1. Take segment 49-63 and flag every residue that is under 11 Å from Ser27 (Cβ atoms) and among the hydrophobic types (A, V, I, L, M, F, W, C).
2. Select from segment 34-78 the residues that are assigned to a helix (DSSP H, G or I) and among the hydroxyl-bearing types (Ser, Thr, Tyr) and write down the one among them that is most open to solvent (accessible area, probe 1.4 Å).
Amino acid sequence: MKKLQLLFVAMMLLLSVDVKADDTINSSLNLSNPDVRKCLVEATKSEGWKLAAFYYNADEKLVMIFEKGNNTKTYMSK
């Protein structure tokens, strides 16, 4: 009986933990090109994504982060 209770508790813990790896990093775009950036912003906006951050990282690559609810997508210049 205790094993069944332990199994039940373990299953409940696994179901209650909401671990997501939604942070998709796409580095195949040339974000240095303003036309590419404009198309990316327009395409993501039409799908309900919002531009949350736009910056240069330590490697001098442009990074754009989009958010939609609790999900994020990260685009890094190649």
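1. Leu62, Val63 - these are the residues of segment 49-63 that are under 11 Å from Ser27 (Cβ atoms) and among the hydrophobic types (A, V, I, L, M, F, W, C).
2. Step by step, filter segment 34-78, then rank; the result is Ser46.
Results for (1) modelled with pLDDT of 65 or more; (2) of a type outside the set (Gly, Ala, Ser), shown as yes or no for each residue.
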{"position": "Leu4", "(1), (2)": "yes, yes"}
{"position": "Phe8", "(1), (2)": "yes, yes"}
{"position": "Val17", "(1), (2)": "no, yes"}
{"position": "Ala21", "(1), (2)": "no, no"}
{"position": "Asn33", "(1), (2)": "yes, yes"}
{"position": "Val36", "(1), (2)": "yes, yes"}
{"position": "Cys39", "(1), (2)": "yes, yes"}
{"position": "Glu42", "(1), (2)": "yes, yes"}
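The values are calculated or read from the model by the stated rules, or taken from the named source; none is laboratory data. Since the model is a prediction, treat every value here as computed from it, not as a measurement. Every residue, glycine among them, receives a Cβ derived from its backbone with ideal geometry; neighbour counts consider all protein chains shown. Side chains are part of the model used for accessible areas, which takes the heavy atoms of the whole protein and leaves out ligands, DNA and RNA. Shrake-Rupley method; radii C 1.70, N 1.55, O 1.52, S 1.80 Å.
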